[in-house]
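Read-outs throughout are calculated quantities, based only on the coordinates presented, and are distinct from any laboratory measurement. Since the structure is predicted, the reported quantities are computational estimates derived from the model, not experimental observations. We place every Cβ from the backbone using ideal geometry, glycine too, and count neighbours over all the protein chains shown.
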């Protein structure tokens, strides 16, 4: 199988949502003194973890993906990727993840199985609770904590927990938007989302409330870092968060893609730039 097929299977481009926040945790821990070898290892750790998590999600969700029209062209559904190959890829990615945590420090290595457990639990949440968007956000948001501990394995400061919350509610908010096309299928198959439980209109309101809270946390961090350049970078961050709610039209699938991917692709990168500027010495 070609690298392009594997990248599509694990949605490699979605690392744009979590990798900048993981590096933000590392930047905060570094305090302006950068160990670039560790930063490379963090990249390997983060991308292998993201890939393993997505691969686990694909395998555990195959039963439903096979009958979901939106997912009819996915590799496991079409048979382009065999299930045994998916298992092998998952084990390989987990092995890379575990080995890379070993080269970071003992604390990260000891906590690494917890990450895998979260990856396994995440696809099960859609069968358990309509609020599973928050669990998925937290699963990804924990990478911020991992980024910090990879550099400095001590109790994190308040700002790290704030960034974890930002990542959690930001991702949960746009995941509600992402699941709009599946609302009828999810309802018919008893899969739980906030759109299914409360209806599309109320689901969008909850998504907006999640993102209002996200914006409030971004602003709160400004009072911690006290850096004018971070304050300036808050403007496009807030604008992009608002934009994704303005542009989305539940009846137009193209606007959902624009809202989900195009708007959100830049938020983490801009925030990371703000952290680099704020903590650079």
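Observations
- In nm, spacing of pseudo-spin labels at residue 155 and residue 209 (7 Å Cα→C-beta vector): 3.3
- Spin-label model, residue 110/residue 39: points 7 Å from Cα along the beta carbon direction are separated by 2.8 nm.
- For the stretch 237-260, the residues whose amide N sits under 17 Å from a probe point set 7 Å from the Cα of residue 266 along the beta carbon direction are 237-248, 257-260.
- The modelled label-to-label distance between residue 251 and residue 73, using points 7 Å beyond Cα along the C-beta direction, is 2.5 nm.
- Extended-chain gain in nm, criterion 0.36 nm per residue less alpha-carbon gap, residue 62 and residue 16: 14.1 nm
- Mean projected area (nm²) of the alpha-carbon convex hull when the stretch 3-279 is viewed from all directions: 13.7
- Of the peptides 124-131, 82-89, 22-29, 255-262, the order by per-residue mean of other Cβ atoms within 10 Å, starting with the highest, comes out as 22-29, 255-262, 124-131, 82-89.
- Globularity index of the stretch 29-145, i.e. its alpha-carbon radius of gyration over 2.2 N^0.38 Å: 1.20
- Relative contact order of the stretch 3-279, defined on C-alpha pairs under 8 angstrom at six or more residues apart (%): 23
- Descending by average beta-carbon neighbour count within 10 Å, the peptides 173-181, 147-155 line up as 173-181, 147-155, the highest first.
- Distance-filtered residues of the stretch 172-190 - backbone nitrogen under 18 Å, label point 7 angstrom along residue 129 Cα→Cβ: 172-176
- The orientation-averaged projection of the convex hull spanning the C-alpha atoms of the stretch 187-235 amounts to 4.5 square nanometres.
- Mean residue ellipticity (222 nm) of the chain, computed from DSSP H runs ≥ 4 via -39,500 (n - 2.57), nearest 500: -24500 deg cm²/dmol
- By the compact-protein rule of thumb, 2.2 N^0.38 Å, the alpha-carbon radius of gyration of the stretch 185-281 corresponds to a ratio of 1.30.
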